[in-house]
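> A single structure is presented below for examination.
The values are calculated or read from the model by the stated rules, or taken from the named source; none is laboratory data. These numbers were taken from a predicted model, which means no experiment stands behind them. Don't worry about glycine lacking a Cβ; one is built from the backbone with ideal geometry, like all the others, and counts go over all protein chains shown. These area figures cover heavy atoms from the full protein model, side chains too; ligands, DNA and RNA do not enter into them. Shrake-Rupley method; radii C 1.70, N 1.55, O 1.52, S 1.80 Å.
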Amino acid sequence: MLEAAGVLLLSYLYRYYAGRKHIAEEGNAALYPEKRTEQVFSYIEEHFREEITLQEIADSLAVSKTYLCRYFKEMTNQTVFEYVEQVRIQYACCLLKKVDLSIAEISLASGFGSVSLFNRMFKKYMHMTPGEFRK
């Protein structure tokens with residue numbers, strides 16, 4: 001749980017400081033790696049509850065899927081989908097603690113396609129089941 005929270009905190013801090021950095025020219029994101037990274041984070045935060053494809057993210061940045069994967073891994077030391085999974089798990093953790101929905105409803109609300117996938121990913125990142133986390 002701490003590892004997932006730490007990754008999320010680092011991403012927020014990175015975006016905060018990257019956003020505060022003065023950029024004289026807003027035009028071309030290719031010239032500003034922090035801006036491109038911010039765009040990827042923003043896209044994922046806006047769409048993580050939906051089914052996301054690499055092509056959709058790449059299209060939103062006007063880059064190729066290959067470039068996106070390589071760039072994101074280089075900047076964050078994780079894959080795009082590892083980051084998406086972590087954002088979904090953090091959202092699910094909030095829901096598990098704050099609302100009285102079933103685990104199946106939370107898994108769908110968090111963007112997971114099935115309860116079994118949700119349980120597997122939750123266990124991978126949180127080292128416990130959603131039911132154990134809720135207690």
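> So with the 1.4 Å probe, I'd like the accessible area per residue for region 94-135, rounded to whole Å². Before the final figure, lay out each step's value.
On the way: 2460 Å² over 42 residues.
Roughly 59 Å² per residue, with all protein chains present.
> Using 0.36 nm per residue of separation minus the Cα-Cα distance, give me the extension gain between Lys73 and Arg49 in nm, one decimal. Walk me through the intermediate numbers first.
On the way: separation 24, 0.36 × 24 = 8.64 nm, distance 2.18 nm.
Separation in residues times 0.36 nm, less the Cα-Cα distance, equals 6.5 nm.
> Then there's this: Find, among the GluC sites (Glu not before Pro) in region 39-102, those assigned to loop by DSSP (not H, G, I, E, B) with at most 10 other beta-carbon atoms within 10 angstrom. Walk me through the intermediate numbers first.
On the way: sites: Glu45, Glu46, Glu50, Glu51, Glu56, Glu74, Glu82, Glu85; in loops: Glu50, Glu51.
Answer in residue order: Glu50, Glu51.
> Can you give me the % of accessible surface on region 46-135 that is carbon or sulfur? Probe 1.4 Å, all protein chains present, nothing else counted.
Working: 2730 of 5020 Å².
Carbon and sulfur atoms account for 54 percent of the accessible area of region 46-135.
> According to the square roots a ≥ b ≥ c of the eigenvalues of the Cα gyration tensor, what is the shape class of region 44-135, taking rounded for a/c under 1.5, prolate for a/b larger than b/c otherwise, and oblate for the remainder?
Values: a/c = 2.77, a/b = 2.02, b/c = 1.37.
Because a/c hits 1.5 or more and a/b exceeds b/c, region 44-135 counts as prolate.
> On to the next question. So how much slack lies between Lys135 and Lys97, counting 0.36 nm per residue of separation and subtracting their Cα-Cα distance, in nm? Walk me through the numbers on the way to the answer.
Numbers: separation 38, 0.36 × 38 = 13.68 nm, distance 0.87 nm.
Here the segment from Lys135 to Lys97 would lengthen by 12.8 nm.
> Any idea how far apart Leu117 and Phe81 come out in nm if each label point goes 7 Å out from Cα toward Cβ?
Result for the modelled spin labels: 0.9 nm.
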